[in-house]
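I have placed the structure first, in the form of structure tokens, so that the comments after it can refer back to it.
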Amino acid sequence: MTWRTLLVMSDHPVAEPALVAGDDPREHARTLAAVYDATMSGARAPARPRSIISSSWDRLLSMGVDPDQLAGPVSTLDATQVQARRHESGLIDVIDDLTLGLGALLEEGDNILVVADGDGRVLWRSGSAHVIDQADRLGFIEGASWAEHTVGTNAIGTALVSRRAVQVFSAEHFVRSHHPWTCAGAPIHDPRSGSVIGAVDVSGPAATIHPTTVALVDVVARLAESHLRELHRSTLDRLRAVAAPILARTRQPSLAVDRHGWVAAVESVASRHRVTLPDEMHVGRVYVPTLGLCDVEPLPGGWLVAPVRSTDVVAHMSRRQIRIDLSDTSRPLVCVDGAIGSWTHEPTPRHAEILYLLATHRDGRTASQMAADLFGDPTRTVTVRAELSRLRKQLTGMLLSSPYRFVDDVDVDVRLPECSAWLLPNSTAPAIRNAGGQ
């Protein structure tokens, strides 16, 4: 093999294998071990690891984690807690898809299949007895936390942080005791919210590594998401069947939405796919972002929402507060508090970057400045304007243009991760990477 396979590559959405076809796994493992030993001792390494691995190591080293010990005490759940998490995870409807889709990798008995929730908790595990025994000795058991900050770089935790499929081979694991293993994991997204609700992983002895494993795991994760998407469409169809006759009778501007804000049917209201609902949705008069003050009635599996046309909510609101919470690297949140009520929105990764930049530049950013911040190219203003237009619709009345900035009467609070290296860790925006010291 050549050193080329270890050089830093630009991030892309395609799953990146730990080695390519034709590479000798044993020689590759020896090379990685040399890079690992040099990096952990502070010496000059003969090459740099892949970008996704390098970012993970930087995060853990900045936290002072000892690679010769677990990052924290092994935390496990009992059987009752595991069962409860299975039902709460949103993954129980696709566990059969994951098991069947990756069954071929388990047939020879050299790998185990693991499914974890969005916090990195192992909820399901299957495979041959002798590999399961090896996993037991590592604490790779149902109920255990395999989040990156708990056990270091691994395919479950690192996939959850980076939100992309990843293969971790031998000495790419941060904790030395994991070097005899290889693992390939991919995140699973909830199609209703876009948030990462779990990860699927195939792990086994390092000698079992194959370049195509991570691609297969990624495909199976996407198929599981497709199944979840179909289930959501069926739920909306059922809600639409109930709501359509009601909307036809009322003939007043109203919407039928599910409990996540997805629109099933509308009457005399501008068509839209989704509305952001307040944190505490209830029957009665409720402030709904982008719609204003609304009368809300319950529906099976959702709500009937009727905007109150004569009320100008924004004019009557007291000073508002917006909290941009980036402390959970896998789930950035925007929390808004006002006189009418409070609501939470999960921004896209790009919108999370923009909100952070606007919060740290209260005097505003021009489209050109924002393009340089996000892409390193001040000419990409068309993309910036499109993203800001979508974001302003989500945060009605809180963002201004020319330059882009928060309105003066909004108090903005930013909550950052404990370690600066964990600031939006999957971001490639130059301004974000500089802020995080990456």
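Readers should treat all values here as calculations from the given coordinates under stated rules, not as data from a laboratory. Source: prediction; values computed, not measured. Cβ coordinates were reconstructed from backbone atoms using ideal geometry, including for glycine residues, and neighbour counts include every protein chain displayed.
Per-structure values
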| quantity | calculated |
| --- | --- |
| Of [x] 1.03; [y] 1.07; [z] 1.43, the label for Cα Rg over 2.2 N^0.38 Å derived from the coordinates | [y] |
| Highest-MSF residue in the chain out of Ser327, Ser234, Ser226 [GNM, Cα springs under 10 Å] | Ser234 |
| Cβ-based net charge around Val196, under 12 Å, with every Lys or Arg adding one and every Asp or Glu removing one | -3 |
| Segment 3-229: relative contact order as a whole-number percent, Cα under 8 Å and 6+ apart | 23 percent |
| Max mean-square fluctuation residue, GNM over the chain, Cα-Cα springs under 10 Å, options Ser41, Ser75, Ser89 | Ser41 |
| Helix axis angle, 79-88 relative to the chain longest principal axis, alpha carbon, degrees | 50 degrees |
| Point-charge dipole on Cβ atoms (K/R +1, D/E -1) for the chain, about Cα centre, debye to 20 | 1500 debye |
| Most mobile of Ala270, Ala244, Ala199 in a GNM of the chain (Cα contacts under 10 Å) | Ala270 |
| Bridge type composition, segment 318-435 - antiparallel percent by DSSP, nearest 5 | 65 percent |
| Cα-based shape type of segment 156-291, given that a ≥ b ≥ c are square roots of the gyration tensor eigenvalues and the cut on a/c is 1.5 | prolate |
| Neighbourhood charge, 14 Å Cβ-Cβ cut-off, centred on Val286 and excluding it, Lys, Arg +1 and Asp, Glu -1 | -2 |
| Positive-end extreme of charge dipole, the chain - chosen from Val275, Thr212, Ala367 (charges on Cβ) | Ala367 |
| For segment 251-311: rounded, prolate or oblate by the Cα gyration tensor [a/c cutoff 1.5] | rounded |
